[in-house]
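Comments concern the structure below.
Nothing in this text is a laboratory measurement; each read-out follows from the coordinates by a stated rule. Bear in mind the structure is a predicted one, so any value in this text is a computation, not a measurement. Ideal geometry is used to build each Cβ from the backbone, glycine not excepted, and the neighbour counts take in all protein chains shown.
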Amino acid sequence: MFAFSVLISDCHLTEGQQTTVFRRQSRPDFADVSFSLLYGSGSRGGLRSLDIVCKDRKEYDTWVRGLKYDTRSLPPCVVPCAQDVT
């Protein structure tokens with residue numbers, strides 16, 4: 001079993017494959033189950049993305065619903081990034 005979290009000081013959720021990484025490695029067949037977390041500062045550190053493709057629509061809906069709730073909280077927010085409960 002493993003789990004980890006990332007402390008993000010400022011984050012924004014985008015649905016679909018809109019980031020540079022997704023555009024560079026496009027997989028249109030997975031666009032409806034893809035999302036990205038954009039984080040970092042727009043200045044010195046630059047904006048970065050955590051790009052995720054889910055295994056199915058149910059998993060996608062669960063992650064996006066939870067992250068939309070979490071990213072509304074005041075920064076910093078703790079965003080769960082991976083969890084294996086087996």
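Counted by Cβ distance under 11 Å from ASP61, the other residues give a net charge of 0, where Lys and Arg count +1 and Asp and Glu count -1. Computed from label points 7 Å out along Cα-Cβ, the spacing between ARG27 and TYR69 is 2.7 nm.
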